[in-house]
1. Express in nm, to one decimal, how much length is gained between residue 478 and residue 413 on full extension, taking 0.36 nm for each residue of separation and deducting their alpha carbon distance.
2. Take every DSSP beta bridge whose two residues both sit in segment 6-100, then give the antiparallel share in percent to the nearest 5.
3. Expressed as a rounded percentage, what relative contact order does segment 381-470 have, with Cα pairs under 8 Å and six or more residues apart?
4. Give the relative contact order (percent, whole number) for segment 372-522; include only Cα pairs under 8 Å separated by 6+ residues.
5. How would you rank 254-260, 19-25, 445-451, 29-35, highest first, on the average number of other Cβ atoms within 10 Å across their residues?
6. Provide the FRET efficiency to the nearest 0.05 for the residue 461-residue 99 pair, computing r from the beta carbons and using R0 = 35 Å.
7. Which value at 222 nm does the chain reach when only helices count, each DSSP H run of 4 or more adding -39,500 (n - 2.57), with the total divided by all residues and rounded to the nearest 500 deg cm²/dmol?
8. What is the helix-to-structure angle for 442-452, meaning the angle in degrees between its Cα long axis and the longest Cα principal axis of the chain, kept from 0 to 90 and rounded to the nearest 10?
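What follows draws every value from the coordinates through simple rules; no lab data is involved. Just so it is clear, the model here is predicted, and its values are computed rather than measured. A quick note on method: Cβ atoms are made from the backbone with ideal geometry, for glycine too, and the neighbour counts reach across all protein chains shown.
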Ligand SMILES: Cc1cc2nc3c(=O)[nH]c(=O)nc-3n(C[C@H](O)[C@H](O)[C@H](O)COP(=O)(O)O)c2cc1C
Ligand SMILES: [Mn+2]
């Protein structure tokens with residue numbers, strides 16, 4: 001069973017020797033992130049085996065860390081909480097991600113009950129689905145302590161991750177956006193970012209909720225900037241409020257059920273609720289309570305909630321920020337967020353993360369998604385047997401796909417499918433291999449790519465939307481992507497000479513040497 005709140009999850013990590021407490025006083029500016037970066041590259045705590053889907057890199061991630069004494073704040077900081085396979089599985093309450101993939105598969109099975117008996121059999125399952133919806137109650141633990149007028153972002157132990165984070169003028173962008181009202185908090189960003197929060201918004205028309213993990217740059221006690229990418233749902237919600245000329249209520253949620261943190265990173269379709277999905281992962285609906293200063297509901301079991309408004313026409317220069325690409329994403333204009341309240345439970349813990357050169361904690365969040373969303377990807381593109389996002393492909397930079405090829409140019413059809421499948425559209429390089437290749441073995445994929453590809457005939461370069469964090473694209477958010485067909489070529493795929501067989505030891509010889517192996521005296 002997953003956990004009800006962050007602190008019971010942390011207690012479980014400790015019980016399983018997955019957590020290190022750090023009592024030494026540390027600086028939230030650069031020091032915590034440098035420690036976390038080093039630890040995330042160490043061997044994984046515990047002695048679990050690497051999963052078959054990540055045989056080489058599966059055993060990294062060190063320990064989760066709890067910094068008990070942080071300069072400038074009375075609140076402890078937790079980091080690398082999800083930063084290994086074992087911790088990620090524990091957070092989701094499963095032995096393997098495949099368990100959840102199977103449950104997702106069950107959910108998306110296109111079989112409708114036809115007979116009355118079948119319908120009745122399905123009923124409990126449907127009733128259960130309704131039980132996954134969030135439930136609103138009056139008040140929550142997350143509101144044990146409430147600050148409104150005295151709310152102060154700077155009282156939280158918000159970290160600075162990388163040296164140039166928030167540096168005015170770095171990368172050539174002006175410090176102040178022209179639309180910023182210069183009163184109040186000043187308008188110059190700090191290098192401190194909230195990095196592991198769920199951003200709660202509602203659709204202005206339909207009231208549909210969205211939860212997305214977007215970084216938040218701190219500007220002052222009550223001012224911050226919201227960095228949602230234009231392709232993400234937070235930005236979509238904001239555009240609607242802006243079109244109506246209305247301000248947008250928004251809550252930044254830290255902690256709560258660990259499945260919530262994961263759900264906030266999930267590439268769900270635009271109108272599918274992350275809260276419903278978290279309820280599904282949790283096997284029970286998430287309890288919410290009304291915020292104290294805005295029309296929004298937040299998880300009762302959260303550690304800390306920051307409430308406020310995003311005004312439609314007020315922008316701040318957000319960034320630069322050391323990003324998951326391993327490079328700085330440069331400053332740009334993003335909406336300003338005005339804090340109206342900070343609530344928290346008694347004795348909260350502040351969860352955070354850093355991103356950068358892999359592996360980091362986000363790798364394991366991504367790997368959970370790779371596995372759990374395979375049934376959904378296969379529903380869209382049934383040709384796909386399996387896929388793999390290699391650690392050093394840094395998410396969308398590189399995707400390996402395995403298909404059972406049945407007709408010419410099928411690999412290209414699959415590439416086009418991936419480039420139109422939700423956030424998979426950002427895939428910058430897709431390598432398609434045949435079904436006898438182990439797609440999780442990067443050497444096997446490299447071997448077949450090297451051997452089977454004619455670079456003129458077997459590649460497809462297209463233009464399209466790209467990750468806005470990609471600094472190599474010629475334009476912001478758009479650029480070129482490559483598909484590489486590393487499958488065996490057949491008639492109808494351009495000029496194909498006689499294609500030879502791949503080497504294989506004869507079955508009877510294999511059996512013979514197996515039998516006689518000890519005789520050879522090795
Ligand atoms: C650690 C981490 C940090 C992230 N930071 C951002 C961010 O600053 N802005 C953003 O738009 N997406 C960010 N993402 C990716 C989104 O959370 C992810 O794409 C999610 O699916 C978006 O949800 P949405 O489709 O509801 O918008 C981050 C993901 C992780 C794991
Ligand atoms: Mn969403």
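1. Working: separation 65, 0.36 × 65 = 23.40 nm, distance 2.11 nm.
Residue separation times 0.36 nm, minus the Cα-Cα distance, leaves 21.3 nm.
2. Working: 5 of 10 bridges.
Given both bridge residues lie in segment 6-100, the antiparallel proportion sits at roughly 50 percent.
3. Working: 117 pairs, mean separation 25.1, N = 90.
28 percent.
4. Values: 226 pairs, mean separation 29.9, N = 151.
So the answer I get is 20 percent.
5. Working: 254-260: 27.1, 19-25: 13.9, 445-451: 15.9, 29-35: 19.1.
Highest mean packing first, the order is 254-260, 29-35, 445-451, 19-25.
6. Values: r = 39 Å, r/R0 = 1.10.
That gives a FRET efficiency of 0.35.
7. Numbers: 13 runs with 132 residues, N = 522.
-7500 deg cm²/dmol, from helical runs alone.
8. Computed tilt is about 50 degrees.
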